[in-house]
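Asks: Below: one structure in structure tokens.
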Amino acid sequence: MTLLNPALLYGLLLAILPVLLHLLLRRKPKRYVFPALRLVQQRRKQNLKRIQLRHIWLLLLRVAAIGLIVLALTRPSLPAADYAFNLREWLTLLAVIAGGIGVYVGLLRRWQRSLLPRHVFNLRRASARGWVTGGTLVALLLLVGWPYQRRIAAEIKAPPPAAQLDLPVAAIFLFDTSLSMEYQQEGRTRLDVAREIASRHLSELPTGSRVAVVDTASDNPVLFQPTLSAAQTHLKALTTTAVNLPLNDRLRTCLLRQEDDRKRTLAEQGHLAEDVRKDRFLRRVYVFTDLAKSAWRLGSSTLLAKELERLETVNVFLVDVGETLPLNLAVLGVRVSRQQIPIGGRLEVSALVQSIGRGEGEVHLELNRLLLQGGTVQLGKASQTLSPDSPQWVSFPLLTELVGPVLHGEVRLAASDPLAMDDVRYFTVIVGEPPRVLVVAPREAEASHWMTALAPGIVKFRTEFRPVSRLREADFSRYDVVYLINVPQLSDDDWFRLARFVEQGGGLGVFTGSSAVQPSAYERAQVQSLLPARLIAVRERPDRRMVIEKPEHSIFRKLTTDGGTALLENDVFIDRYFTVQPAEGAGVLVTVADEESSPLMIERGFGQGRTVLFASAVDPAQGALSRWNNLSDPTQIGWPFVALAESLTLYLARSTDSVFNVTAGEDVQLRLSPAAAPRTFLLKRPQFRQTRLALPAGEESLIVSDAREVGVYDLVDAGRTTEPLLGFSVNVAPEESDLSRLTAADLDGLLGEGRYQVARSIEELEASVTVADLGREVFPLVLVLVIVAFLGEHLVANRFYDVDDQGTAALNPPSRRGAPAAGPPGGTPPPSAGRWASGPPAAAPTPS
């Protein structure tokens, strides 16, 4: 135990006052005339015992009251521990008290049944009160106090902190600036509440304190502000951001900064021996957060907990400003059918919506187009009944006849809620010319089904057929994708031109579902360097199914979402296929469900382009014996075949390479046509900001690595036109809408048990700081004991000395002249004698 005001212990000398009062102000014996002297002498002995016993208790209570008052003023403090009684200790305490009361009541009833004289009964009752009270106190000390102090001693892991009220503080205020801190309640965001608590606490720090204000928005170094007013200014400038570092990392940085500053402070005392050097600051780190799990990196790492265990001189305080029962309606994501569509094409838009903390209810959404000059145009509405805490997809009506070149849109909740940042999500679609496709086959009939799948639909490819005999006339630079369907062989010149086409960014698809295809025609080195696999031989395995090995691949992503991959795996039967040997660096996308899991669709990158080989047919069967598969049979497969053709063509045309809808903080790659001279572009950002980007000669990709603001972006050719060439949208990470809070077990795992304290208000924060720096004050407990002592003194002084009216009347009959009866033989004072100035009653009367 430590005392914050140890000099006040001299006040314990005041405990002598009750003893002096008892000795100096006690009453003198009075003389009374009694007829029965023997009875008076007997009563004198009984009263003498009762009065002496009561005097001891009264004296002890008065001394204890003064001693406890002095102890309370010294403000004793204890090390941090769980000083509250546990269930077992409470039960033991109540059992001992109940036992003491039961013994006392039992003795009284026994003596009452014995019909003892009144004065004997009073004597025994007074004696029983003393012994039972003393025995109960001893039992409490042995059965409750001793086990209690043993438990507390075991819980205390550090000695009591030194009491230094005037020591300045080196404090680091770490703020969680993630967007979940924008949750509003009573017109204030969580960041506003955190800022207010921090400002009030900062103003109460001792003179000479140093403060650093940091946030999770960046990894900037932790710097102490030159003055406390500068720290206040920094507090006011804090804002939430969409990109943040995990609180774990920033908190560890703060701890290491405190360690470095402490070493510097000790090093400044170089004239002293190392064992006598002392830190000039109390070191604290305050973390202001809503305790949302999304702001922390949860896992098995114990690095932060180990740092806190090592740095014992740094105290960590978590200021919880979060809402314990949040209510939120969030748009978690937006899904578009294609990120690039042709002019006049169609677009499917759907949104993922979740209700948090609310009951089942209907949500209303709006689909708007954002205009370049500002403002919005409503494109559709949608409503959906949501189940609580269960995300659901809500689809909007199909959008048609779209024009570009850039379509920016938003999905917005029709009504607002406490967390506005997830009430809207943005999306961008590029509207332009569709990919140009050249289909090469021996006969047009063999390519008809594939070309039908690529006919004007949602994507509206511009498709052209050319027979193998006229391939040398084709200008590959006019196309984005070239398909070879059942081509028996090509000249070296054609392979050379195809290789150059792919190397410069084109896409090549090869289908080998014909007996006319001979592996020897594909054995040349130039062909093998281009294709993703080497053909070996045709294998017949009737009714074998296909297995999609990579459903997350961009070719199958939309099919997987719509359930098409399951249909392809269940309804497509492979009867014939080429066994192949994948080339080095190639990737197997689809296999045949045979004994060897033979590769069926293989991809490979070549230069800036890519090639895909499908080792079976995409044309219809010409009879049961010649059928390679039923993939293109519209009566059995249908739309999955069309969707596969579209996805494969977009992948080969690299239309899926560019991502125009990203999460804040992700890099964005914008592909442009290469030019012979350097070019300059303007990137128009949200909030009417813009930056200049340069693209060197011959380059075709711009990388935007600082897209941190939520909203839509446009890329404009500087000085030439105001119409955007490309654009993209940036949204908040869906995890920001997860307002689930860290539990005590989570915090113990992150920070270590007993190495942090949690406060939800400025009052709790100040109490936590006092406990951490000075120990747990027992001032309230001592004051309770003072009150108990005073009540006990009053009870003893007024209750224990009640006069037995019947006994008094018997010993003091009325005088013959009608005079009032005399006082009791012992000269017992009236109830007012309980006041300390009256002193104790006389020991016994002296008969005349």
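Asks: Students often get this wrong, so check it: of Lys306/Lys550; Lys460/Lys550; Lys236/Lys381; Lys293/Lys684; Lys381/Lys550, which have C-alpha atoms separated by over 32 Å?
Replies: Numbers: Lys306/Lys550 41 Å; Lys460/Lys550 26 Å; Lys236/Lys381 40 Å; Lys293/Lys684 34 Å; Lys381/Lys550 35 Å.
In this structure, Lys306/Lys550; Lys236/Lys381; Lys293/Lys684; Lys381/Lys550 exceed 32 Å between Cα atoms.
Asks: Subtract the Cα-Cα distance of Ser127 and Glu596 from 0.36 nm times their separation in residues, and report this length gain in nm to one decimal. Don't jump to the answer; show the numbers that get you there.
Replies: Numbers: separation 469, 0.36 × 469 = 168.84 nm, distance 9.93 nm.
Difference between extended and current length: 158.9 nm.
Asks: To continue, here is another question. If you average the C-alpha positions of segment 294-321 and of segment 401-431 separately, how far apart do those two centres end up, in angstrom?
Replies: Each part reduced to its Cα centre gives a spacing of 38 Å.
Asks: Nearest 0.05, what FRET efficiency do Gln581 and Phe224 give at R0 = 51 Å with Cβ-Cβ as r? List each step's numbers first, then the result.
Replies: On the way: r = 65 Å, r/R0 = 1.28.
E between Gln581 and Phe224, to the nearest 0.05, is 0.20.
Asks: Calculate the all-directions average of the projected area of segment 543-660's alpha-carbon convex hull, and give it in nm².
Replies: In nm², the orientation-averaged hull projection of segment 543-660 is 7.9.
Asks: List the chymotrypsin sites (Phe, Trp or Tyr not before Pro) in segment 372-441 that DSSP assigns to loop (not H, G, I, E or B) and whose Cβ has at most 11 other Cβ atoms within 10 Å. Which are they?
Replies: Numbers: sites: Trp393, Tyr426, Phe427; in loops: none.
Sparse-neighbourhood loop chymotrypsin sites (Phe, Trp or Tyr not before Pro): none present.
Asks: How would you rank 665-671, 591-597, highest first, on the average number of other Cβ atoms within 10 Å across their residues? Intermediate values should be presented prior to the final figure.
Replies: On the way: 665-671: 16.1, 591-597: 14.4.
Ranked by mean Cβ neighbours within 10 Å, highest first: 665-671, 591-597.
Asks: Kirkwood Rh over alpha-carbon pairs of segment 266-322, then Stokes-Einstein at 20 °C and 1.002 mPa s: what D in µm² s⁻¹, rounded to an integer? Mind dumping the intermediate values first?
Replies: Values: Rh = 14.4 Å.
In µm²/s, the coefficient is 149.
Asks: Related question: With every protein chain left in place, what is the accessible area per residue of segment 402-463 in square angstrom, probe 1.4 Å?
Replies: Result: 35 Å² per residue.
Asks: How big is the Cα convex hull of segment 423-578 in projection, averaged over all directions, in nm²?
Replies: Numbers: hull surface 46.9 nm².
Hull-based average projected area comes out at 11.7 nm².
Asks: If you don't mind, there's one more thing I want to ask. Please give the contour-minus-distance gain from Gln687 to Ala273: 0.36 nm per residue of separation, less the Cα-Cα distance, rounded to one decimal in nm.
Replies: Working: separation 414, 0.36 × 414 = 149.04 nm, distance 5.85 nm.
The Gln687-Ala273 span can extend by a further 143.2 nm.
Asks: Now for a different question. Restricting things to alpha carbons, find the Rg to Rh ratio for segment 341-444 using the Kirkwood radius for Rh.
Replies: On the way: Rg = 18.0 Å, Rh = 15.8 Å.
Taking Rh as the inverse mean 1/r over Cα pairs, Rg/Rh reads 1.14.
Asks: Using a probe of 1.4 angstrom, how much of the accessible area of segment 505-576 is carbon and sulfur, in percent?
Replies: Values: 1490 of 3080 Å².
Taking all protein chains in place, segment 505-576 shows 48 percent carbon and sulfur surface.
Asks: Using 7 Å Cα-to-Cβ label points, what is the Leu325/Ala718 separation (nm, one decimal)?
Replies: For Leu325 paired with Ala718, the spin-label model returns 5.6 nm.
Asks: For Ile703 and Val103, what is the calculated FRET efficiency with R₀ set at 56 Å and r taken between the beta-carbons, to the nearest 0.05? Don't skip to the answer; put the middle values down first.
Replies: Values: r = 87 Å, r/R0 = 1.55.
That gives a FRET efficiency of 0.05.
Asks: Now a separate question. By the gyration tensor of its Cα atoms, with a ≥ b ≥ c the square roots of the eigenvalues, what is the shape of segment 577-642: rounded for a/c under 1.5, prolate for a/b over b/c, or oblate?
Replies: On the way: a/c = 2.40, a/b = 1.62, b/c = 1.48.
Verdict is prolate for segment 577-642.
Asks: Still on this structure, please answer the following. Measuring from centroid to centroid over Cα atoms, what is the spacing of segment 697-772 and segment 561-587 in Å?
Replies: Using only Cα atoms to place each centre, the spacing works out to 41 Å.
Asks: Can you compute the modelled spin-label distance between Arg310 and Thr239, with each label point 7 Å from Cα toward Cβ, in nm?
Replies: Those two pseudo-labels are separated by 3.7 nm.
The values are calculated or read from the model by the stated rules, or taken from the named source; none is laboratory data. Please read all numbers here as calculations on a predicted model, not as lab measurements. Here Cβ is always computed from backbone atoms with ideal geometry, including for glycine, and neighbour counts include all displayed protein chains. Surface accessibility is based on the protein's heavy atoms, side chains included, excluding ligands, DNA and RNA. Shrake-Rupley method; radii C 1.70, N 1.55, O 1.52, S 1.80 Å.
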